[in-house]
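Each reported figure results from applying straightforward, stated rules to the coordinates on display, with no laboratory input. As the structure is a computational prediction, the values presented were derived from the model and not from experiment. As a convention, Cβ positions derive from the backbone with ideal geometry for all residues, glycine included, and neighbour counts pool all protein chains shown.
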Amino acid sequence: MTKKTVKTTGKAPQSIPFKAETRQLLDILIHSLYTEREIFLRELISNASDALTRMSFVMLTNRDVLDPDAEITITIKSDPAAGVLTISDTGIGMTAEELAENLGTIAHSGARAFMAVAKDGAKNISDMIGQFGVGFYSAFMVAEWIRVTSRSYLPETSAASWYCTGNDTFTVEPAQKIDRGTTIEIKLKEDAKEFAQEGRLREVIKKHSDFITFPIYLGEKKEQVNKQTALWRQTPRKVEKKDYEDFYHQLTLDFSPPLTYIHLSIDAPVQMYAILYVPSKSERNLFSIRKEDGLKLYSCNVLIQEYCKDLLPEYFRFIQGVVDTEDLPLNVSRETIQANRVMLTLKQLITSKITGALEKLAKDEPENYSKFWEEYGRYIKEGVAIEQTEPESIYPLLRFHTTKKMDQWSSLDEYLERMKPEQKDIYYIMGDDERSVIYSPHLDIIKKHDLEVLLLTEPIDPFMVVGLAKYKDHTLANVSSSDLKLPTLEKEPEAETGLTLNPDEWLSLIQRFKSQLGDRVTDVRMTDRLSDSPARLVDPEGVPNQEM
């Protein structure tokens, strides 16, 4: 076996009970994942990568750490004869207290949720393990015992060792470890000795951890196994669709493929690499590891902000992904980020690219765009309502049901193409739902003129209309308005014959309505715009923001 840098002290180890029914959790892991045991290595590498990321972040502003010049790396070694596998990292490390807390406390809701999902026989449970915070324990599928020895990055702290055989207790004791980081030793079970073979380890690393952004060294010769180059920094034409979907899954733990994705590689006016995703559902997955809106922001491949909300307008907050730029200093603070001119340029670029990609999706894949609109249409309408700078840039993304196309979505341009030659305005009607609004008395005269009307039935629509107001020199007109102007048609609809009232009778009828309704209305008038309905309620003339 390789020479260790870890030695336990002479003090007796402290035996501590787990804070959960460990046996139950381990039994589920072993029996649910037996045929996919290799994923334990993926989970341990992922944990090591997290520790390295945290260490990189600390060192952006603090060089007073243990081993400040140590390479940020993951090293995997094995001893086939002894059946021992060792995974080491030079990450942030842990104190004795942190070892006991992080590796001994598995009674959190995540562990309970994992056990509940596993008992229900959920599919793809191997992909779900990491999101519950129980990924480390998957190593017991292959282990007779596990020893974790760690030393924190804080210079004055001492090393400690955690040891467990998979029963109901573990031990924590002081240890000697010269270097910073964490070393995990696994004594492999007899039927898991394959994971002491470098060939098998290389295969698993390439399969699950190829895009880890830190070097993964294998064996005594320290062969770097993973590509390491971040997916977003690769040439888009060389990246396969499966790679994008795998990365999305790694990023979000969303089990459904994204609706669409955008890979950006831009050199000017700023240098930027990005992969952006539109999730297939607007509701965040219950088990998603992305708990907030915002993109992951990297500077020179170093994560500087986990949830950066300043790269997207509010109406695109559902976008997931990563952005990497070399034009931001590594030690930039969150407060400085908000005021940084590079950030403003990045936001403008990203917004423009997303808008363009969605327009292309609508043109090339209308069915997929319909799915997008049904999930995210309210966000786009919100953007029209509140966007102060260039709201017209997202007008082409809008979609509506209309009185003539109730079963399919229409863009404003498609509406314009179907307009009557003499028609100037874009007509719309508001209501609680489409089934009831199409029977509105306001549509009587519209139907006679064979005009098309947008159906607006969402709570955001009144605000959107105030923001929209006009599209390509065509004013939006509410058909419920008392001063609605209709086009003069070459051939007016023929008046229906039937019983009617003389002027005196009309006046008497109107007076009776006024006396009955009192101050609940401002006026009662005769109209020639009704045919199938006896009356309609209209908005008073000149009322500001009548849509609201």
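How much net charge surrounds Ser352 when only the other residues with a Cβ under 14 Å from the Cβ of Ser352 are counted, with Lys and Arg +1 and Asp and Glu -1? The partial results should precede the final answer.
Numbers: positive: Lys347, Lys353, Lys360; negative: Glu359, Glu387, Glu390, Glu392.
Charge balance near Ser352 sits at -1.
Give me the number: length gained by fully extending Glu365 to Arg237, i.e. 0.36 nm times residue separation minus the C-alpha to C-alpha distance, one decimal in nm. Walk me through the numbers on the way to the answer.
Values: separation 128, 0.36 × 128 = 46.08 nm, distance 2.00 nm.
Additional length available on full extension: 44.1 nm.
Please compare each pair in Lys222/Lys296; Lys381/Lys405; Lys363/Lys424 to a cut-off of 23 Å on the Cα-Cα distance and tell me which ones are over it. Could the numbers behind the result be given before it?
Details: Lys222/Lys296 30 Å; Lys381/Lys405 20 Å; Lys363/Lys424 26 Å.
Going by Cα-Cα distance, Lys222/Lys296; Lys363/Lys424 fall outside the 23 Å limit.
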Two-site label geometry, Lys447 and Gln228: point separation in nm, points 7 Å out along Cα→Cβ: 7.2 nm
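Antiparallel versus total DSSP beta bridges in region 231-367: what percent is that, nearest 5? Please report the intermediate quantities before stating the final value.
Details: 17 of 21 bridges.
About 80 percent, rounded to the nearest 5.
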Three-way shape call for region 167-256 based on the alpha-carbon gyration tensor, with the a/c threshold at 1.5: prolate
Glu156, Glu326 arranged by Cβ crowding within 10 Å, fewest neighbours leading: Glu156, Glu326
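Quick one: if the Förster radius is 30 Å, what FRET efficiency do Glu245 and Thr389 give, using the C-beta to C-beta distance and rounding to 0.05?
0.30
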Cα-based shape type of region 410-466, given that a ≥ b ≥ c are square roots of the gyration tensor eigenvalues and the cut on a/c is 1.5: oblate
Separation of the Gln197 and Arg341 label points, Cα + 7 Å toward Cβ, nm: 6.0 nm
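At a Förster distance of 30 Å, what's the computed FRET efficiency of Tyr439 paired with His474, Cβ-Cβ distance as r, to 0.05?
Result of the calculation: an efficiency of 0.70.
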Gained length - Asp79 relative to Asp67, 0.36 nm times residue gap less alpha-carbon distance: 1.6 nm
Ranked by how many other beta carbons lie within 10 Å on average, peptides 227-237, 83-93, 49-59 from highest: 83-93, 49-59, 227-237
Distant-in-sequence amide H partners of Phe170 (H built 1.01 Å from N, under 5 Å): Ile16, Phe18
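Which order do peptides 389-402, 169-182 fall in by mean Cβ count within 10 Å, highest first?
Values: 389-402: 17.6, 169-182: 19.5.
The peptides rank, most packed first, as 169-182, 389-402.
Please compute the contact order of region 231-367 in relative form: average sequence separation of alpha-carbon pairs under 8 Å and at least six residues apart, divided by the residue count, as a percent.
21 percent
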Cα-based convex hull, region 214-324, per residue volume (Å³, whole number): 134 Å³
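Past the 20 Å Cα-Cα mark, which pairs from Lys420/Lys472; Lys447/Lys485; Lys347/Lys472; Lys309/Lys360? The partial results should precede the final answer.
On the way: Lys420/Lys472 16 Å; Lys447/Lys485 15 Å; Lys347/Lys472 26 Å; Lys309/Lys360 25 Å.
Where the Cα-Cα span goes over 20 Å, the pairs concerned are Lys347/Lys472; Lys309/Lys360.
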Segments 138-144, 515-521 sorted - mean Cβ within 10 Å per residue, highest first: 138-144, 515-521
Label-zone membership for region 52-83, site Glu190, 7 angstrom Cα→C-beta point, backbone N under 15 Å: 83
